[in-house]
Amino acid sequence: MQVVILESPEAVAEYGAHIFIRHLQKKPQAVLGLATGSTPVALYQKLIQANQQGDISFQDVTTYNLDEYLGLAGDHPQSYRYFMNQQLFDHIDINKANTFVPPGSASNPILACDEYEQMIEQSGGIDIQLLGIGRNGHIGFNEPSSGLLSRTRVKTLTQATIDDNARFFSADEYQPHLSITMGIGTIQDSQQVVLLATGSGKADAIYRTVEGPMSASCPASALQMHQNAVIVIDEEAAAQLEHKEFYKHIERENQTLLAQLGY
């Protein structure tokens with residue numbers, strides 16, 4: 001697990017975006033796993049800018065999103081399909097037919113979960129999976145107690161997650177309590193995982209992810225077993241890490257080595 005600690009949320013977005021940009025320049029037909037929430041927005045803005053400047057293209061890219069609310073159609077303003085269109089897809093040269101979000105309005109959501117897994121497999125698997133993290137350590141909608149080898153499935157949201165997301169819904173608006181989410185095992189199959197976190201509200205979750213025991217009580221801790229997981233965080237999110245200065249030292253050494261090798 002690579003832990004990168006940066007000064008600001010802006011620097012976190014810049015670092016994360018650079019990983020995606022560099023990969024797309026090497027592999028234009030990449031399969032990307034994408035996430036919603038407030039943290040990825042700044043990264044998406046940088047990808048949009050890079051696309052509009054001609055540095056990268058999404059014409060041959062396929063995307064799979066982590067999750068979706070069960071019961072919301074893709075044109076619902078609170079759906080994650082709507083979010084992705086607004087925050088990324090409408091602003092880049094991607095073929096929307098190659099952008100996939102779990103179908104929240106599926107008549108048979110259990111079957112839809114199996115089909116989503118099959119689609120990812122048929123695409124050759126995910127090259128880079130972008131993640132945020134919840135205050136309780138959830139990734140996607142894999143809440144505490146989720147199996148560490150779980151696959152795409154219907155998942156009940158915790159009250160903490162419902163409360164955290166309530167700000168996006170008006171008082172008289174239906175807020176789903178169920179979701180479809182990639183499983184932790186699905187995420188672990190990605191060639192690379194990039195998790196972004198900023199702010200003091202994520203500090204405990206980051207501590208448990210990086211330095212706590214691997215446990216279903218903190219789903220993100222499963223990333224300790226990933227072969228190529230990069231945790232990119234700002235100083236506030238890193239506040240509880242015991243080995244913070246060592247992680248900074250490692251990153252400086254890594255950057256020196258990469259510069260010497262011409263990367």
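State which stretch of the chain is the longest one without any exposed GluC sites (Glu not before Pro), exposure meaning a DSSP loop state and at most 10 other Cβ atoms within 10 Å.
Longest site-free region, per DSSP loop and neighbour criteria: 8-241.
Fully extended, how many nm does the chain gain between Glu10 and Arg135 (0.36 nm per residue separation, minus their Cα-Cα distance)? Walk me through the numbers before you get to the answer.
Working: separation 125, 0.36 × 125 = 45.00 nm, distance 2.03 nm.
Extra length from Glu10 to Arg135 when fully extended: 43.0 nm.
Using only the Cα atoms of the range 41-122, what semi-axes does the equivalent ellipsoid have when each is the square root of 5 times a gyration tensor eigenvalue? Give whole Å, largest first.
Over the Cα atoms of the range 41-122, the ellipsoid semi-axes are 25, 15, 9 Å.
For a quick protection proxy, order the peptides 152-161, 128-137 by their average other-Cβ count within 10 Å, most packed first. Intermediate values should be presented prior to the final figure.
Numbers: 152-161: 18.1, 128-137: 23.2.
Descending mean neighbour count gives 128-137, 152-161.
Under 19 Å from a label point 7 Å along Cα→Cβ of Glu253: give me every residue in the range 204-230 with its amide N that close.
Those under the cut-off are 211, 228-230.
Counting alpha carbon pairs within less than 8 Å and at least 6 residues apart, what relative contact order, in whole percent, applies to the range 45-203? Present the calculation step by step, with values, prior to reporting the outcome.
On the way: 247 pairs, mean separation 42.8, N = 159.
Computed value for the range 45-203: 27 percent relative contact order.
Report for the chain the percent antiparallel among DSSP-assigned beta bridges with both residues inside it, nearest 5.
Details: 9 of 31 bridges.
If I count the DSSP bridges inside the chain, around 30 percent turn out antiparallel.
How big is the dipole moment of the range 119-216 about its Cα centre under a simple scheme where the beta carbon of each Lys and Arg is +1, that of each Asp and Glu is -1, and everything else is neutral? Debye, nearest 20, please.
Computed charge dipole of the range 119-216: roughly 140 debye.
For His91 and Arg22, compute 0.36 nm times the residue count separating them, minus their Cα-Cα distance, and round to one decimal in nm. Show your work: numbers first, answer last.
Working: separation 69, 0.36 × 69 = 24.84 nm, distance 1.95 nm.
Residue separation times 0.36 nm, minus the Cα-Cα distance, leaves 22.9 nm.
If you average the C-alpha positions of the range 61-119 and of the range 165-237 separately, how far apart do those two centres end up, in angstrom?
Cα centroid to Cα centroid, the span is 19 Å.
How are the alpha carbon pair distances in the range 1-68 distributed across 5 Å bins from zero to the largest one, expressed in percent?
Values per bin, smallest distances first: 4, 16, 24, 27, 18, 9, 1.
In nm, to one decimal, how far is the Gln122 label point from the Asp163 one, both placed 7 Å along Cα→Cβ?
Label-label distance for Gln122 and Asp163, simple model: 4.2 nm.
Values quoted throughout were computed directly from the atomic coordinates according to the rules given, and no laboratory measurement underlies them. Not measured: the values here are computed from a predicted model. Note: ideal-geometry Cβ built from the backbone for every residue, glycine included; neighbour counts use all protein chains shown.
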